[in-house]
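Down below is the structure, laid out as C-alpha cells.
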Amino acid sequence: MAVSKTDLSQIELKTLARVARPGPYVGLNGKAVQKLIELGLVRTRVAGYVLTEEGFGILRADAE
C-alpha cells in the first residue's frame, strides 16, 4: 500500500519527522504513532521507533 504525505494529517507528519531524529520520544502523540505503525511507516524497536524506507521516502518528498 503506497502512502503519500497527503494521506497523513499534520500531527502524523510531525510525528514522522520526530521519529526520524534520535533521542527520547517523550510527548509523542500515541494515536499518530499507532497509525504510522499500521501504515508501515514506522517500526517499533526495543529502545523506541525507527522509520521504514517508505517513511523516509515521505520525508524526502516533503523536503522537496
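Read-outs: derived from the displayed coordinates by stated rules, not from any lab. Just so you know, these numbers come straight off a predicted model, no measurement behind them. Note: ideal-geometry Cβ built from the backbone for every residue, glycine included; neighbour counts use all protein chains shown.
Between the listed residues Gly23, Val50, Val3, the Cα displaced farthest toward the positive end of the dipole of the chain, a dipole computed from Cβ unit charges relative to the Cα centre, is found at Gly23. Here are some values of mean projected area of the Cα convex hull in nm²: (1) 4.5; (2) 4.1; (3) 8.9. Which one was computed from this structure? Matching the structure shown: (2).
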